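All of the numbers you see were taken from the coordinates with simple rules; none came from a lab. Note that this is a predicted model, so its numbers are computed, not measured. Here the Cβ positions follow ideal geometry from the backbone for every residue, glycine too, while neighbour counts run over all protein chains shown.
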Amino acid sequence: MENFIAFPVKLAYNYLIMLIDTHCHLDFKDFDADRDEVVDRALKAGVSRIVNVASSIEGSRRSVDLADKYDMVYATVGVHPHEAGSVTDSVIADIKLLAKSAKVVAVGEVGLDYYRCLTSKEVQTAAFKRFIHLARDLDLPLIIHAREADRDTLDIIKRESPRGLRGVMHCFSGSSDFMKECLDLGLFISFTANITFKKADSLRMVARDIPTERLLLETDAPFLAPQAMRGSRNEPAYITHLAGEWSRLLDLSKEDVARITSHNANSLFKLKLDESSKIAYEIRDSLYLNITNRCSNSCYFCVRNQTSFVKGHNLKIDREPSTQDIIKAVDSAKKFKEIVFCGYGEPTLRLDMIKEVAGAFKKEGMAKVRVVTNGQGDLINSRPIATELAGLVDRVSVSLNTDTPELYDKYCKSEFGRAAYPAIISFIKDCVRNKIEVEITFLDLPGVDLKKCENIAEELKAKFRSRSLGEVG
Ligand code: SF4
C-alpha cells in the first residue's frame, strides 16, 4: 500500500479570505467612472476572481475586453431574457466566436423573466433553448436567470437537457421545492445579498438547507447592494457582507465560507485557483490533520469515491506526511479548540504518528485531541490500542454506521471481513474503560434502524450521532 509518489505537500494553510464574485456586471456604464478603483477595492477586500456576466451581444464583447484588461476578471457571453428578441442566427454565431476567447468561462446570463416580460414568453423560450444547446456544444456551464418563471425554466431544461445541466441558478430567491429541483438537475445555486435584507427571513430559511458543495456567492453588482449599503451602487468588494451572512446562517467561519464557495466556483467555471492538497486544514475552530488516505474499509458511500475535496480543502495527498511535517504545519495549534486526526483515510494505520504528534501537543499544553476512526485500530495494529491512546487522545469519533454486523459488512467492506464489527465494539469498550470520550456515528442507510443504533451507543456508554449520507466535515 505504501506506493505514494514523493511530491511536495503544501504544509502551510492560509487564513486569508479569498472570495469569488461569480456574477457581476462590471461592464455596465455604472462603473465607467471608477472601474479601476472598483477592481482595486475588490482585491483589497479579498476578492480573488470576478466573473463578469454579459447581458447582450455588446455586453458579451465588453465582457471579453474586461477579462483581457484585468487578470482577476473572467468573462461570460450571452443574452439576458429582456433582450431575447435580439437573438438571431448571426448573434449566436458572434457569441460562438467570442466564446473561443481564453477567459470565457460560461454562457449567460440567459433564461426567462416573466416579472418584467419585456419580450414575449415564446421569444424568451426560443432564445433560452438556443443557449442551452450552445452551452452544451461549447462544453461551458450555463448561468440561468429565472424570475417568476420557475416552472417553465425547469421544464425547458428538463426537455432540452434531459441528462442534467452544468450550470448555476443565479440570484436565487425561490422556494425549497424549486431549490431541490435545481439541485436534482445538478445545478449550483447562487445567492446575492438579497439574503442580507431585513425582510428576507423566508429566503434565509430556504438558504439554510443548501448543501454547501453547491453554493456560490455573487453580488450581481451594480444591483442589490447588501442591507448595510442599501441605496448605494453595489460592487464586488461588498461580497464580504454576503460571506458574513452565510457564516451566520451555516455556523461556519468566514474563511470556511470563502474557501468552500471559491472551490465550488472553481469547479464550475475553471478559474485557475491554486487548490493544492493539505495535510493541516481548518474547519470552524478546529484544526484537522490529514495523515493518510489509506483505509481498511471500502465503504461504498466514502467521500473519497466522489471528490478529493472536503469543505473546500483538497485532501488527496500524494505522499504521507512525516511526523515532522505535521508538527511543522501546526505550530500555531494553540489557537484551535481541537486538533482532529481526520477521516479521509484511517488514522490508526499510522498509530505511532498519532501518539508522537498528540504527545508533542500535550507536552506543549496544546488543544484537545480527537481521532476520527473506523474503529478497526486493534485489528490494524494486531493489539488493543486504547491503552496507548489514553492520556494522549481526549475523544474518539467512531464510525460504526450500522446496527448489525451483516449491514456493516454489506456497506463498509472491511478487509477484516466479519471480524470488523465485533472488533469495533471491543475498541469502543476499551476506550470508555480508559476514560476516552467516545462518540459513535451511525448512517441513515437503507435497513439501518437508528433507534437500535441509539440503544447500542447508550449501552456502550458513548454519545450517539446520526448522519445523513453526503454530510461530511
Ligand atoms: S471508513 Fe471512512 S475513510 Fe474508510 S472507506 Fe469508509 S468512509 Fe472512507
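If you keep only loop residues by DSSP, which trypsin sites (Lys or Arg not before Pro) in the range 81-126 have at most 13 other Cβ atoms within 10 Å of their Cβ? Please report the intermediate quantities before stating the final value.
Details: sites: LYS96, LYS100, LYS103, ARG116, LYS121; in loops: LYS100, LYS103, ARG116.
Those satisfying the criteria are LYS100, ARG116.
Compute the angle between helix 89-98 and the longest alpha-carbon principal axis of the chain, please, reported from 0 to 90 degrees and rounded to the nearest 10. Value to nearest ten degrees: 50. Think of each Lys and Arg Cβ as +1 and each Asp and Glu Cβ as -1; about the Cα centre, that makes the dipole of the chain roughly 780 debye. Were the residues from CYS302 through ARG284 laid out at 0.36 nm apart, the gain over their Cα-Cα distance would be 4.3 nm.
Within 10 Å of each residue's Cβ, count the other Cβ atoms and sort CYS171, CYS117 from fewest upward.
Values: CYS171 22, CYS117 15.
So the residues, fewest neighbours to most, are CYS117, CYS171.
Each Lys or Arg adds one and each Asp or Glu takes one away; over the other residues whose Cβ falls under 13 Å from the Cβ of LYS29, this sums to -2. For the pair the range 36-114 / the range 422-473, the C-alpha centres are spaced 50 Å from each other.
Where does the chain land on Rg/Rh, using Cα atoms and the Kirkwood Rh? Write down the numbers at each step before the final one.
Details: Rg = 25.0 Å, Rh = 24.3 Å.
Ratio of gyration radius to Kirkwood radius for the chain: 1.03.
Here the chain carries DSSP beta bridges of which approximately 10% are antiparallel, counting only pairs with both residues inside. For the chain, the longest principal axis of the Cα atoms and the long axis of helix 57-69 meet at an angle of about 50 degrees.
Given their separation in residues at 0.36 nm each and the Cα-Cα distance between them, LYS121 and ALA228 gain 34.9 nm when the chain is fully extended. Across the range 19-269, Cα pairs under 8 Å and at least six residues apart give a relative contact order of 19 percent.
Exposed loop sites here are GluC sites (Glu not before Pro) assigned a DSSP state other than H, G, I, E or B and surrounded by at most 15 other beta carbons within 10 Å; excluding them, the longest clear run of the chain is 149-363. From least to most packed, judged by other beta carbons within 10 angstrom and beginning with the fewest, LYS198, LYS461 follow the order LYS198, LYS461. Here each label is just a point 7 Å from Cα along the line to Cβ, and for ASP139 and LYS158 those points are 2.9 nm apart. Charged neighbours of LEU351, selected by a Cβ distance under 11 Å, balance to -2 (K, R count +1; D, E count -1).
Between GLU364 and ASP32, what length in nm is gained on full extension when 0.36 nm per residue of separation is reduced by their alpha carbon distance? The partial results should precede the final answer.
Details: separation 332, 0.36 × 332 = 119.52 nm, distance 5.59 nm.
Stretched out fully, the GLU364 to ASP32 stretch lengthens by 113.9 nm.
From its DSSP helices (H runs of at least four residues, each -39,500 (n - 2.57)), the chain gives a residue-normalised ellipticity at 222 nm of -10500 deg cm²/dmol.
For helix 351-363, report the angle its Cα long axis makes with the longest principal axis of the Cα atoms of the chain; keep it between 0 and 90° and round to the nearest 10°. It is inclined by approximately 90 degrees.
Determine the relative contact order of the range 296-427: mean sequence separation of Cα pairs under 8 Å and six or more apart, normalised by residue count, in whole percent. Let's see the in-between values first.
Values: 157 pairs, mean separation 37.3, N = 132.
Normalised by residue count, the contact order of the range 296-427 is 28 percent.
With R₀ set to 56 Å, the beta-carbon distance separating ARG433 from LYS335 gives a calculated FRET efficiency near 0.95. Going from the residue with the fewest nearby Cβ atoms within 10 Å to the one with the most, THR212, THR404 rank THR404, THR212.
If the label point is 7 Å along Cα→Cβ of THR404, which residues in the range 282-311 have backbone nitrogen under 19 Å from it? What the label zone holds, given the 19 Å backbone N cut-off, is 300. Seen from THR219, the other residues with C-beta closer than 9 Å to its C-beta sum to a net charge of -4, counting Lys and Arg as +1 and Asp and Glu as -1.
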